[in-house]
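I have placed the structure first, in the form of structure tokens, so that the comments after it can refer back to it.
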Amino acid sequence: MTRRTATSIGFTAVLMWALLALFTAASGAVPPLQLTAMAFAIGGTIGAISWRLRGGRLAVFRQSPFIWLFGTGSLFGYHFLYFTALRSAPAAEASLIAYLWPLLIVVFSGLLPGEKLRSHHVFGAVLGFFGAAIIITDGGSFAVRAEYLPGYLAAIMAALIWSGYSVVSRRLGHVPTDVVTGFCLATAVLSALFHLALEQTVWPVGALQWLAVLGLGLGPVGLAFFAWDYGVKRGDIQVLGASSYAAPLLSTLVLVVAGFQEATWIIAAACLLITAGAVLAGKDLLFRKPL
């Protein structure tokens with residue numbers, strides 16, 4: 001499989017993450033950690049079924065304690081800190097800070113063996129960040145206030161964890177993607193435990209809300225993590241990092257199509273910035289002739 005194909009597989013994770021806001025909104029009043037536990041349980045179960053049907057062996061899960069701590073800690077840590085940030089600071093500001101992770105992936109990838117960080121990678125990621133900023137803040141301002149410092153710090157930690165997970169995974173190419181199944185199931189257990197300690201249980205109401213939860217587990221909080229793992233290990237990680245800024249834009253467009261949000265000039269401007277950034281960052285891959 002070519003590097004371009006692997007990058008395309010990784011980008012399907014971004015497409016699936018674009019459905020995260022829609023499915024979350026449609027899932028009703030289910031608390032964040034409970035929803036995380038339910039979705040990861042579904043995603044992990046689907047992964048286990050797929051592994052079994054493909055004749056997988058238990059040996060694939062015999063990984064070092066570091067691998068299990070790294071994978072499970074990253075998936076759970078990112079989501080826990082992100083939800084903590086949303087509770088401790090204004091949602092737009094916390095989301096914008098947390099969405100530094102694509103830019104950090106591009107920057108950190110320059111430290112990987114065999115990877116070269118070029119100016120068009122950085123400029124492309126920066127354009128994408130500004131496009132995402134327009135979407136997340138709805139064209140408004142960003143005012144840093146001391147009382148929200150814990151939320152800002154949690155968002156920064158979330159960005160560092162996910163970007164670090166993505167870049168370090170590149171060095172762990174020997175670890176099969178099937179192991180993500182275990183990461184998902186372990187994250188589901190941890191999320192359930194923290195939910196019981198911190199939240200009031202609220203179950204989905206009606207078929208639509210249950211289908212939304214199922215959709216989360218099948219896509220944005222399921223298959224997406226398997227596709228992302230494969231992409232960052234075998235594809236162009238710098239292109240994947242910069243193109244990840246398409247997620248908030250595509251998410252907004254999905255909400256517009258679904259009738260949850262109106263189309264505005266802000267969306268159009270963000271579309272131009274994010275598309276330009278992705279093309280600039282990925283110009284080597286997009287315009288290189290196949291071997």
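Brief remarks on what is shown
Quick grid of which residues meet (1) in contact (Cβ under 8 Å) with a residue 24 or more places away in the chain; (2) among the polar types (S, T, N, Q):
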{"position": "L22", "(1), (2)": "yes, no"}
{"position": "A25", "(1), (2)": "yes, no"}
{"position": "P31", "(1), (2)": "yes, no"}
{"position": "T36", "(1), (2)": "yes, yes"}
{"position": "A39", "(1), (2)": "yes, no"}
{"position": "T45", "(1), (2)": "yes, yes"}
{"position": "G56", "(1), (2)": "yes, no"}
{"position": "A59", "(1), (2)": "no, no"}
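- Cross-chain or 6+ apart pairs with Cβ under 9 Å, region 143-169 first and under 17 Å from V107 (Cβ atoms), then basic (K, R) and at pLDDT 85 or above: S169/K233
- Restricted to region 113-230, the set of helices (runs of 4 or more DSSP H) holding at least 1 residues that are hydroxyl-bearing (S, T, Y) comprises 119-137, 149-171, 180-198.
- Scanning region 68-88 turns up no residue that is of a type in the set (G, A, S), more than 16 Å from M157 (Cβ to Cβ), part of a helix (DSSP H, G or I) and open to solvent by 30 Å² or more (accessible area, probe 1.4 Å).
- Just one of (1) in contact with a Leu (Cβ under 9 Å, 6 or more places away or on another chain); (2) in a helix (DSSP H, G or I); (3) open to solvent by 30 Å² or more (accessible area, probe 1.4 Å) fails for G28. It is (2).
- The numbered conditions (1) under 17 Å from the mean Cα position of the chain (by Cα); (2) within 28 Å of I49 (Cα to Cα); (3) aliphatic (A, V, I, L, M); (4) open to solvent by less than 60 Å² (accessible area, probe 1.4 Å) are all true for A154 except (2).
- Restricting attention to region 89-112 and to residues that are in a loop (DSSP other than H, G, I, E, B) and among the aliphatic types (A, V, I, L, M), the residue that is surrounded by the fewest Cβ atoms within 10 Å (Cβ to Cβ) turns out to be L112.
- Failed item, numbered, when V202 is tested on (1) of a type in the set (V, I, T); (2) surrounded by fewer than 20 Cβ atoms within 10 Å (Cβ to Cβ); (3) closer than 30 Å to R118 by Cβ: (3)
- Region 31-59 - residue that is at pLDDT below 90 and in a helix (DSSP H, G or I) and, of those, least open to solvent (accessible area, probe 1.4 Å): A59
- Every residue from region 242-263 that is open to solvent by less than 60 Å² (accessible area, probe 1.4 Å), closer than 19 Å to A91 by Cβ and part of a loop (DSSP other than H, G, I, E, B): Y245
The values are calculated or read from the model by the stated rules, or taken from the named source; none is laboratory data. Computed from a predicted model, the values in this text were never measured in an experiment. Every residue, glycine among them, receives a Cβ derived from its backbone with ideal geometry; neighbour counts consider all protein chains shown. The area values use the complete protein model at the heavy-atom level, side chains included, leaving out ligands, DNA and RNA. Shrake-Rupley method; radii C 1.70, N 1.55, O 1.52, S 1.80 Å.
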